[in-house]
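A.B. asks: Take a look at the following structure, please.
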Amino acid sequence: MNNNWSWETFMDALPFVLQGLWITVSLTITCYLFALLLGFVWTFLRKVPNKFFNWVVTWVMEFIRSTPPLVQLFFLFYAWPMIPGIGVTLSPFTSAVLGLGIHFSTYIGEIYRSGIESIDKGQWEASKALNFSTIDKWRKIILPQAIPPTIPMLGNYFIIMFKEVPLASTITVAGIMLMANSYGAQNWSYLEPLTIVGIIFLVLSYPSAVLIKKLEVKMNARFDKNAAIK
Amino acid sequence: MFNLEFYSEPKPKLEGVIIMNAIIEIFPQLARGLHVTITVLLASAILAYLMAFIAGLCRLSGNIIIRKFTGFYVEVFRGTSLIVQLFWLYYAIPMLFGIQLGSNWWTGVIAIGLNYGAYLSEVVRGSILSVAQGQSEAATALNMSRFQRMRLVIFPQAVRMMLPEFGNYTIQMLKGTSLVSLIGMTDILYYGDILRSSNLSQAPIVYLLVLVFYFILALPLIWLTRKGEHISKKGVANG
Amino acid sequence: MTEPIVRFQDVHKSFGDFDVLKGINLDIKPAEKVAVIGPSGSGKTTIIRMLMTLEEPSSGDIIVDGKNLWKMKKKEKMVKANEKHLREVRGDIGMVFQHFNLFPHMTILENCMTAPIHVKKENKEEVRDRSVKMLERVGLGDKLDSYPNQLSGGQKQRVAMARALVMRPKIMLFDEVTSALDPELVGEVLEVIRDLAKHEDMAMVLVTHEMDFALDIADKVLFLDEGVIAEQGTASEVIEHSENERLQGFLRRFRG
């Protein structure tokens, strides 16, 4: 194996690795949208007024959340087709969307819930006192207050998702990580292509994180929680 | 035709037995990886906690060089993926330092430890900063030195605040240990992969059991995290 | 004439462009009880926060017991005080805060004991005895092992006073200590202060809005207005004989 850093290899690997960028980015976006949607389902399920059902939902979420997404990907990719009756073969991309999407939807669901729970009790009472209908109550009072504070948190999860997407290289999704590994396998030098992957992640995620931090500060200033009480 | 139908009748029962037998067969196989998973988790958690406090405090230091340097470490490790770092270190350590660590175990521990150390250092820093200003002022009014203020007043409160996040990140670390199977470490997932490739039709039970294994390991951590949340809710002044 | 224990010499303080204090000159004698009154934003709290080293003056000198608080001698030149110098000089000063600032992770007794043990390196048993006595004196002898969040606001403030007193300060600063309390709890805290004023020979500086109380116990009243001491004297001098219109207006508003 090549044991010395070479800028020549670096420049040679760069276009090769970049070929995978589109897949990485589009997988991130697809996973994220799927998780955002599925998050609503969890929030809704946890609102069902049945103790036993709630308990089951809570622990299913806990199970998904505290087991490795890597294993969940393997399950969907290798095991799902083998399940008698319901199993179908999933493409690597679909497996990744389902696997990472489901995994992170449990976190997203919690964010939605925290948004709803952060609303002051007085707001619910006020909307009751003003005789709003259920739909109006949610549309005009609750959601406009619940959504904005969650936006920075949701933004953070977009970045987290982006950084988890290279896991999909293990089930042959041809993003930058897989490209780097296959370049390494072909040329016996892994370090340069992997460094490129690291730099790409840094270049894309760091500015986004800074942006979200700014957004958070702005949101906090606008939605001073004490304002409703003062 | 007739024969087939005759045979298909007791099938549900038979399938149940097959699954039970498979579980009994698979479980001990997976358990062989328990040792690696747990030791990697413990060692990387210790490294991560250590890095968290060192880097967290360094980022609050008055010295700008120390601050920038730790900032660089934190942002690089938070800005890239664990899997990328793991593979990078796997190839870089022998090259950059000219040493073989002797085993990939260390590579896994260093990658996971440094990665989550970076995340946790932000928790340490944030908790220290969020201890109310008045606490430090009261300590000053009692004529405590800078070090005493930190040790007796700020730190004990900050640590309480950190507990839930330390719990959460330890669960993340447990999940992260599954990556070491990718660099050839014989952890739970590694044995799962072996079983799967030797008998593809067993894949669903194998991976389900792997997940159950990780979940069982996570349960005490989940419990500790909830306990930590409970503790952190009392005994802290912030604002 | 006794030497003052605290002396402010032309002390200025500004936050950014905003000048809070515009030249404060002030002497406090040992055992003197001083009340600082004035409209909010007049810089009352800033005066005692600078004395406690929580805020650095922009210019001027603060002398505590003959020693310059914020400046020290280094190679024959006066330079900004370091942490060590500050600790040396502020050791005789104690402070009680508007928001109590009790240590929430310690019991009431530990709150009182921690500083004498760690800062003054005193004997633990001795400190315990003294702390228990002090807590009994403020009426909390039955709460020694409670945590601050189990107490009412008035009780918390009494603990805060005990905590400061155990350090045996020569100067005690009270920063609007009743402002954060429910009205029905104000009395119990003022009672403790009155007791201290009567029986302790330390200097006390009270920043307060409890006008009648302040005028009652104070040897000297300072009326702070727009960053300067607009009026000072005994209570009766300030109330009855002052020509200062802003002071009269202020008193009318606060004394009903």
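A.B. asks: How big is Rg to Rh over the range A:1-51, alpha-carbon atoms, Rh as the Kirkwood inverse-mean-distance radius?
C.D. replies: 1.44
A.B. asks: Please state the shape class of the range B:31-86: rounded when a/c is under 1.5, otherwise prolate if a/b exceeds b/c and oblate if not, all from the C-alpha gyration tensor.
C.D. replies: Oblate, since a/c reaches 1.5 and b/c is not below a/b.
A.B. asks: Give me the number: length gained by fully extending C:Arg194 to C:Asn82, i.e. 0.36 nm times residue separation minus the C-alpha to C-alpha distance, one decimal in nm.
C.D. replies: Gain on stretching C:Arg194 to C:Asn82: 36.7 nm.
A.B. asks: Would you please classify the overall shape of the range C:112-256 from the alpha carbon gyration tensor, given that a ≥ b ≥ c denote the square roots of the eigenvalues, rounded means a/c under 1.5, and beyond that prolate means a/b larger than b/c while oblate covers the rest?
C.D. replies: Verdict is prolate for the range C:112-256.
A.B. asks: Can you give the Kirkwood hydrodynamic radius for the range B:9-149, in Å, rounded to one decimal and based on Cα pairs?
C.D. replies: Every distinct Cα pair counted, the radius reaches 18.8 Å.
A.B. asks: Give me B:Leu50, A:Leu178 ranked fewest to most by other Cβ atoms within 10 Å of their Cβ, as a rough exposure proxy.
C.D. replies: Ordered by Cβ neighbours within 10 Å, fewest first: B:Leu50, A:Leu178.
A.B. asks: Find out how many positive minus negative residues lie around A:Trp5, taking Lys and Arg as positive, Asp and Glu as negative, among other residues whose Cβ is under 15 Å from that of A:Trp5.
C.D. replies: Net of charged neighbours comes to -3.
A.B. asks: Continuing with the same structure: Can you give me the P(r) profile for the range C:13-55? Cα pairs, bins 10 angstrom wide beginning at 0, each as a whole percent.
C.D. replies: Result, from short to long distances: 23, 58, 17, 2 percent.
A.B. asks: Just counting partner chain Cβ atoms within 10 Å, what average do the residues of peptide B:147-158 show around their Cβ?
C.D. replies: Mean shielding count: 3.
A.B. asks: Highest first, please rank the peptides C:190-198, A:162-170 by the mean number of other Cβ atoms sitting within 10 Å of their residues.
C.D. replies: My ranking of the peptides, most packed first, is A:162-170, C:190-198.
A.B. asks: Now for a different question. Taking only Cα atoms and a 10 Å spring cutoff, compute GNM fluctuations for chain A and point out the largest among A:Trp42, A:Trp80, A:Trp55.
C.D. replies: Largest GNM mean-square fluctuation: A:Trp55.
A.B. asks: Another one. Give me the distance in nm between label points sitting 7 Å out from Cα along the Cα-to-Cβ direction at C:Ser152 and A:Ser208, one decimal.
C.D. replies: Here the modelled spin labels are 5.5 nm apart.
A.B. asks: Separate question: Give the calculated FRET efficiency between B:Ile18 and B:Lys68 to the nearest 0.05, with a Förster radius of 56 Å applied to their Cβ-Cβ distance.
C.D. replies: Computed FRET efficiency for B:Ile18 and B:Lys68: 0.35.
A.B. asks: Apply the Kirkwood formula to chain C: the hydrodynamic radius equals the inverse of the mean of 1/r over all pairs of different alpha-carbon atoms; give it in Å with one decimal.
C.D. replies: 19.1 Å
A.B. asks: Please find, in a Gaussian network model of chain C (springs between Cα atoms separated by less than 10 Å), the residue of C:Phe15, C:Phe103, C:Phe213 whose mean-square fluctuation is greatest.
C.D. replies: With Cα springs under 10 Å in chain C, the top fluctuation among C:Phe15, C:Phe103, C:Phe213 is at C:Phe15.
A.B. asks: Whole-Hz Karplus ³J(HN,Hα) for the range A:189-206, in order, using 6.51 cos²θ - 1.76 cosθ + 1.60 and θ = phi - 60°, x for Gly and Pro?
C.D. replies: 9, 8, 5, 5, x, 5, 5, 4, 4, x, 5, 4, 4, 4, 5, 8, 8, 5
A.B. asks: Enter the mean projected area of the convex hull around the alpha-carbon atoms of the range C:54-164, in nm², rounded to one decimal.
C.D. replies: Projected area, direction-averaged: 8.6 nm².
A.B. asks: Now for a different question. Ratio of the range C:200-256's C-alpha Rg to 2.2 N^0.38 Å, to two decimals?
C.D. replies: Normalised by 2.2 N^0.38 Å, the Cα Rg of the range C:200-256 equals 1.10.
A.B. asks: Averaged across the residues of C:105-112, what count of C-beta atoms belonging to other chains lies within 10 Å of each residue's C-beta?
C.D. replies: 3
A.B. asks: Then there's this: How big is the range A:1-88 along each principal axis, measuring the range of its Cα positions in Å and listing the largest first?
C.D. replies: Principal-axis extents of the range A:1-88 (Cα, largest first): 64, 30, 24 Å.
A.B. asks: If you don't mind, there's one more thing I want to ask. Could you work out how far helix B:11-31 tilts from the main Cα principal axis of chain B, as a 0 to 90 degree angle to the nearest 10?
C.D. replies: Approximately 40 degrees, to the nearest 10.
A.B. asks: Ok, one more. Going by how many other Cβ atoms sit within 10 Å of their own, how do A:Leu204, B:Leu86, B:Leu219, A:Leu14 line up, fewest first?
C.D. replies: Final ranking by Cβ density, sparse to dense: B:Leu219, A:Leu14, A:Leu204, B:Leu86.
A.B. asks: Which ³J(HN,Hα) values, rounded to whole Hz and listed in residue order, are derived for the range A:86-98 from phi using the Karplus coefficients 6.51, -1.76 and 1.60 in 6.51 cos²θ - 1.76 cosθ + 1.60 with θ = phi - 60°, glycine and proline given as x?
C.D. replies: Working through the residues one at a time gives 9, x, 9, 6, 10, 5, x, 4, 4, 4, 5, 4, 5 Hz.
A.B. asks: Convert each backbone phi in the range A:110-115 into a coupling constant with the Karplus relation 6.51 cos²θ - 1.76 cosθ + 1.60 (shift: θ = phi - 60°), then list the ³J(HN,Hα) values in order as whole Hz, x for Gly and Pro.
C.D. replies: 5, 5, 4, 4, 4, x
A.B. asks: Using the Cα gyration tensor of the range A:118-230, with a ≥ b ≥ c the square roots of its eigenvalues, what is the shape: rounded (a/c below 1.5), prolate (a/b larger than b/c) or oblate (neither)?
C.D. replies: prolate
A.B. asks: Within the protein assembly as shown, what percent of beta bridges assigned by DSSP are antiparallel, to the nearest 5?
C.D. replies: Once the DSSP bridges in the protein assembly as shown are tallied, antiparallel ones form about 60 percent.
A.B. asks: Across every pair of different alpha-carbon atoms, what Kirkwood hydrodynamic radius in Å does the protein assembly as shown reach?
C.D. replies: Answer for the protein assembly as shown: a Kirkwood hydrodynamic radius of 30.5 Å.
A.B. asks: With point charges of +1 on the Cβ of Lys and Arg and -1 on the Cβ of Asp and Glu, referenced to the Cα centre of chain C, which listed residue (C:Gln155, C:Val221, C:Val127) lies farthest in the positive direction of the dipole?
C.D. replies: C:Val127
A.B. asks: I've got another one for you. Compute the relative contact order of the range B:39-233 as a whole-number percentage, counting only Cα pairs closer than 8 Å that sit 6 or more residues apart in sequence.
C.D. replies: Relative CO of the range B:39-233 lands at 25 percent.
A.B. asks: Let me ask something else. Using alpha carbon centroids, what distance separates the range A:25-63 and the range B:63-86, in Å?
C.D. replies: Centre-to-centre distance over Cα atoms comes out at 32 Å.
A.B. asks: Averaged across the residues of C:172-183, what count of C-beta atoms belonging to other chains lies within 10 Å of each residue's C-beta?
C.D. replies: Per residue, the average neighbour count from other chains is 0.
A.B. asks: Cα extents of the range B:39-233 along the three principal axes, largest first, in whole Å?
C.D. replies: 71, 43, 24
A.B. asks: Taking H placed 1.01 Å from N in the peptide plane, check which residues at least 5 places from C:Gly60 or on another chain put their amide H under 5 Å from its amide H.
C.D. replies: C:His12
A.B. asks: Normalised radius of gyration for the range A:1-154, please: alpha carbon Rg relative to 2.2 N^0.38 Å, two decimal places.
C.D. replies: 1.45
A.B. asks: Return the whole-Å distance between the Cα centroid of the range C:145-175 and the Cα centroid of the range A:76-133.
C.D. replies: Rounded to whole Å, the Cα centres lie 50 Å apart.
A.B. asks: Kindly express, to the nearest 10 degrees and within the range 0 to 90, the angle between helix B:155-177's C-alpha long axis and the longest C-alpha principal axis of chain B.
C.D. replies: Rounded to the nearest ten degrees, it is 30.
A.B. asks: Largest first, please: the extent of the C-alpha atoms of the range C:103-168 along each principal axis, to the nearest Å.
C.D. replies: Between the extreme Cα coordinates on each principal axis of the range C:103-168 lie 31, 23, 17 Å.
A.B. asks: Using a Gaussian network for chain A with springs between C-alpha atoms less than 10 Å apart, which of these wobbles most: A:Ala146, A:Ala126, A:Ala180?
C.D. replies: A:Ala126
Every number here is computed from the coordinates shown, using simple stated rules; none is lab data. Since this is a predicted model, take the numbers as computed values, not measurements. Glycine also receives a Cβ, built like all others from the backbone with ideal geometry; neighbour counts cover every protein chain displayed.
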